[in-house]
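The values are calculated or read from the model by the stated rules, or taken from the named source; none is laboratory data. Just so it is clear, the structure is predicted and the values come from calculations on it, not from any experiment. Positions of Cβ are backbone-derived with ideal geometry, glycine not excepted, and every protein chain shown enters the neighbour counts. Keep in mind that these areas ignore ligands, DNA and RNA; they rest on the heavy atoms of the full protein, side chains included. Shrake-Rupley method; radii C 1.70, N 1.55, O 1.52, S 1.80 Å.
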Amino acid sequence: MAVELRATINRWKRSRWLTPAALAVALALPPLLPNQYWTHLYFMVVLWAMLSSSLNIAVGYTDLANLSHATFFGIGAYAAALLALRLHVPFYLTLFAGGVVATVSGFLLGLPSLRLRGMYLALATIGFGEIVRLVEINWISLTSGPMGLPGIPGAEMGMFELSKVGFGYYALAILVSELLVIRNIVNSRIGRALRAIKNDDIAAASLGINVVYYKVFAFMLSSFFAGVAGSVYAHYMTFVSPSFTMADSVTMLSMVILGGAGTLFGPVAGAIVLGLLPEMLRFADLYRMVLVGSIMIVAIIAKEGDMRERFRRMVRRLKTGPEFETGEEP
């Protein structure tokens, strides 16, 4: 069954009409939503898709363990908020300013730490995230500490101001642009270098690829799009506070893994599933996150192998007890 499901998914991936159809649905959906709550949910799912797609550059295409992606999201949000509140910079400039500040932060973290691998790099990113969060809480004169920064202006241009539906389209346009940039980079010489580093960075270095340069580049690009998403979020919510934690980074990472790390549309699919699933399971009250976790485990196991065969093995073990290696030929 799982094999048939994967074959069906692969046929869908090869279909040329799937992407335009999905984009048409995304464009038609906002005016049809029944109330403000679903419009807000639509915006948040698109925002999660932006974040998971940007994290996919570092994790999926380059195999860099990053558990501080929410920190770059928060840096972009704070940069946009401060520029809009104190210097009255319009939203279309804070969009890039938030991305640039997050990129610089990614460079400052990436240059000294990207020589690390695996869990050591993950620990370094966790430490960076905690340092930034403490700065956001304790630098009262700049960030107002735990009170946060209220009163951030919305997306205004003259007499025109984006509504919630307009913010949904604004975020969707940025997401599409982000995916186009990622697709072009992945299909270029840079993308081939990133995939070589992902498969074996020592072999890539022996072929003349500057491993540190491309790792830092991937980290900075990933941080830039996270900062852009943070800027959009700040103007949408009109408030930011030190609420960007490692739990949010883990959620983004789960979206990448569930949808398919190293694929263009996989993180978007993961964001749709994990963005909507907790809301659809609200009837289960306190048990809904248990259900979400269980569904994730089953989905990931199904992606990695034949689910039916794994189920048979589990039933056989329950009947006969644990299997031990005897060293004898069967």
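Got a number for carbon plus sulfur as a percent of the range 174-275's accessible area, 1.4 Å probe?
Values: 2690 of 4140 Å².
Summing carbon and sulfur atoms, their accessible area is 65 percent of the total for the range 174-275.
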key: Residues of the range 78-92 with amide N under 14 Å of a point placed 7 Å along Cα→Cβ from Glu156   = 84-92
note = the range 32-73 and the range 112-140 have their Cα centres apart by a whole-number Å value of 20 Å
request  = Please list, in chain and number order, the residues 5+ apart from Val240 or on another chain whose amide H is under 5 Å from its amide H, with Hs placed from the backbone.
outcome  = Leu149
remark   = Yeah, the range 20-100 with a ≥ b ≥ c from its alpha-carbon gyration tensor (a/c under 1.5 is rounded, else prolate when a/b outruns b/c, oblate otherwise) is oblate
task = Assign one of three labels to the range 92-156, namely rounded, prolate or oblate, based on the Cα gyration tensor with a ≥ b ≥ c the square roots of its eigenvalues; rounded applies when a/c is under 1.5, prolate when it is not and a/b is larger than b/c, and oblate otherwise.
result = oblate
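Could you tell me which of rounded, prolate or oblate describes the range 153-296, using a ≥ b ≥ c as the square roots of the eigenvalues of the alpha-carbon gyration tensor, with rounded for a/c under 1.5 and, failing that, prolate when a/b is larger than b/c and oblate otherwise? Display every interim value, and only then the final one.
Values: a/c = 2.28, a/b = 1.35, b/c = 1.69.
It comes out oblate by the Cα gyration axes.
Taking the Cα centre of the range 70-193 as origin, work out the dipole magnitude from +1 charges on Lys and Arg Cβ and -1 charges on Asp and Glu Cβ, in debye rounded to 20. If you can, show how the numbers build up before the last one.
Working: 8 positive and 5 negative charges, 111 e Å.
Dipole size: approximately 540 debye.
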request  = Obtain the nm distance between the two label points defined at Leu277 and Thr238 by a simple spin-label model: each point lies 7 Å from its Cα along the Cα-to-C-beta direction.
outcome  = 3.4 nm
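For Ala21 and Asp200, what is the calculated FRET efficiency with R₀ set at 45 Å and r taken between the beta-carbons, to the nearest 0.05? Walk me through the intermediate numbers first.
Details: r = 38 Å, r/R0 = 0.84.
Efficiency at R0 = 45 Å is approximately 0.75.
Just to confirm, what accessible area per residue do you get for the range 119-252 at 1.4 Å probe, in whole Å²? Spell out each step's value before the answer.
Working: 6580 Å² over 134 residues.
Per residue, the range 119-252 has 49 Å² of solvent-accessible surface.
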ask   = Farthest toward the dipole's positive end in the range 92-178, which of Thr125, Ile140, Gly168, given Cβ charges of +1 (Lys, Arg) and -1 (Asp, Glu) about the Cα centre?
value = Thr125
message = What do you get for chymotrypsin sites (Phe, Trp or Tyr not before Pro) in the range 31-136 restricted to DSSP loop and a cutoff of at most 14 other Cβ within 10 Å of the site's Cβ?
response = none
